[in-house]
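K.L.:
The structure under discussion is supplied below as structure tokens; questions concerning it will follow.
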Amino acid sequence: MPLVVPALPPGPRRRRGLIAPASVLALSAVLAAVLVRTAPGTARSLSADRTLTVATWNMCGVRQWGCADTGSASAKRLAVERLVDAGAGVVLLQEACATHAESVREALGGSWRLSFRPYTWRDGAGRTGTVRCEGRGQGTAGLAVLSAHPLSSVRSVPSRRPEVGLRRGILCATVAAVDVRVCNAHLSLPGSDRAHPGREYRDDQLTTLITAAPGPRTVFGGDFNLNPPGARNPSGWVWPPAAYGAFRECDQTSGGDRSGRATHVSGHKLDYLFTGLPRSSCTVRDTGVSDHRALMMRVDTG
């Protein structure tokens, strides 16, 4: 996704690397709903040592946002299963359809939990509704947290969002088994507010995200629609100092490092994982079924 979005007329449209808002939907009673599901059965094994591997992946599952040619729902489900097979005990997903996310949880089985938050759209009259995925029975579009352990204190975190247009969000939960707070965020693109296209929201959203995940025992990340801070990034000012100061990013090699491997087909790093815990590995994985690569980080929870 490029870092600038032109003003577009209402309607589903996106080219690879560019998010365009969905059409205005009817007012819904589940605007801020957070769905948590649990499956019976035998769980996939998670490392018995004192480590936790967290993955984040924009799965490009919303077909009308230019994702129709990135792979089938079953292929994307298998991609998440491969992340779990590679060690992920928590998976943060963006641009997921509710039905797809639930099918992933069912495939993982056992004690895997799913928490899902729908994206919303607000029109010029102030009416807000959820964004539906194109295709029969696909459900709402949103972001999710998948966990091999029970999730507690699950909440959708309020943040500044466009007055008119697509509203993404922040979803947090605690993995009580390892006492780690995890937060999944999908930040607003510049220009995504139809009423105020010049407004910047990512600075406030990042500050809210960091505030929602205080202390060192936290992992937060997602699709930030933002390059790392630096001289070549004119939007670098939106980054709060705490992001690379009090916390360390998955690909950060030193205290002063602000680089990172590309996570998007455009060659940009747009996806992040931050933590206050000791890191033991950071992996970028091309799933082959999205315009984003997955990012995986292992932390020491002992």
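The values are calculated or read from the model by the stated rules, or taken from the named source; none is laboratory data. Here the structure is a predicted model, which is why all the values come from computation and not from measurement. Please note: Cβ atoms are built from the backbone with ideal geometry, for glycine as well, and neighbour counts cover all protein chains shown. Ligands, DNA and RNA are excluded from the accessible area calculation, which covers all protein heavy atoms including side chains. Shrake-Rupley method; radii C 1.70, N 1.55, O 1.52, S 1.80 Å.
K.L.:
Take the residues of region 223-239 that are of a type outside the set (S, T, N, Q) and closer than 16 Å to residue 188 by Cα: which is most open to solvent (accessible area, probe 1.4 Å)?
P.N.:
237
K.L.:
Kindly indicate the residue of region 174-189 that is not polar (S, T, N, Q) and not in a loop (DSSP other than H, G, I, E, B) and also most open to solvent (accessible area, probe 1.4 Å) among those meeting that condition.
P.N.:
Our first condition is that a residue be not polar (S, T, N, Q); within region 174-189, this holds for 175-183, 185-187, 189.
So of that shortlist, the ones also not in a loop (DSSP other than H, G, I, E, B) come out as 175, 180-183, 185-186.
Numbers: 175: 0, 180: 0, 181: 37, 182: 0, 183: 0, 185: 0, 186: 3 Å².
Ranking the qualifying residues of region 174-189, first place goes to 181.
K.L.:
Out of all the residues in region 46-80, which are polar (S, T, N, Q) and touching a strand residue (DSSP E or B) at 6+ places or on another chain (Cβ under 8 Å)?
P.N.:
Narrowing region 46-80 to residues polar (S, T, N, Q): 47, 51, 53, 56, 58, 64, 70, 72, 74.
Within region 46-80, 47, 51, 53, 56, 58 meet the criteria.
K.L.:
With a cut-off of at least 3 residues that are open to solvent by 60 Å² or more (accessible area, probe 1.4 Å), name the strands (runs of 3 or more DSSP E) lying wholly within region 240-302. Write out each step before concluding.
P.N.:
On the way: elements: 271-275, 279-285, 294-300.
Answer list for region 240-302: 279-285.
K.L.:
Could you tell me how many of the residues in region 71-80 are crowded, with 20+ Cβ neighbours inside 10 Å and part of a loop (DSSP other than H, G, I, E, B)?
P.N.:
Result for region 71-80: 0.
K.L.:
Just checking, how many residues over region 81-134 are in a strand (DSSP E or B), open to solvent by less than 30 Å² (accessible area, probe 1.4 Å) and farther than 23 Å from residue 294 by Cα? Walk me through it before giving the result.
P.N.:
Step one: of region 81-134, the residues in a strand (DSSP E or B) are 90-97, 113-118, 120-122, 128-130, 132.
Next cut, open to solvent by less than 30 Å² (accessible area, probe 1.4 Å) only: 90-97, 114-118, 120-121, 128-130.
The next check asks that each one be farther than 23 Å from residue 294 by Cα; those that pass are 120-121, 128-130.
Summing the residues that are in a strand (DSSP E or B), open to solvent by less than 30 Å² (accessible area, probe 1.4 Å) and farther than 23 Å from residue 294 by Cα in region 81-134 gives 5.
K.L.:
Residues 160, 155: which one is of a type in the set (D, E, K, R) and not in a strand (DSSP E or B)?
P.N.:
The unique qualifying residue is 160.
K.L.:
Tally up the residues in region 135-173 that are buried (at least 21 other Cβ atoms within 10 Å of the Cβ) and either of a type in the set (S, T, N, Q) or touching a Ser or Thr at 6+ places or on another chain (Cβ under 7 Å) (or both), please.
P.N.:
Going through region 135-173, the residues buried (at least 21 other Cβ atoms within 10 Å of the Cβ) turn out to be 140-148, 151, 159, 162, 165-173.
Subset that is either of a type in the set (S, T, N, Q) or touching a Ser or Thr at 6+ places or on another chain (Cβ under 7 Å) (or both): 140, 144-145, 147-148, 151, 159, 162, 165-171, 173.
Number of matching residues: 16.
K.L.:
Then there is this: When both residues are 6+ apart or on different chains and their Cβ atoms are under 8 Å apart, which pairs have a first residue that lies in region 262-286 and is in contact (Cβ under 8 Å) with a residue 60 or more places away in the chain, and a second that is among the acidic types (Asp, Glu) and open to solvent by 50 Å² or more (accessible area, probe 1.4 Å)?
P.N.:
Close Cβ pairs (under 8 Å, with a partner that is among the acidic types (Asp, Glu) and open to solvent by 50 Å² or more (accessible area, probe 1.4 Å)) amount to 277/300; 280/300.
K.L.:
Please enumerate the residues belonging to region 23-79 that are of a type in the set (Val, Ile, Thr), at pLDDT 95 or above and more than 21 Å from residue 134 (Cα to Cα). Give the steps one after another, and end with the answer.
P.N.:
Step one: of region 23-79, the residues of a type in the set (Val, Ile, Thr) are 24, 30, 34, 36, 38, 42, 51, 53-54, 56, 62, 70.
Right, trim to at pLDDT 95 or above and you get 51, 53-54, 56, 62, 70.
51, 53, 54, 56 - these are the residues of region 23-79 that are of a type in the set (Val, Ile, Thr), at pLDDT 95 or above and more than 21 Å from residue 134 (Cα to Cα).
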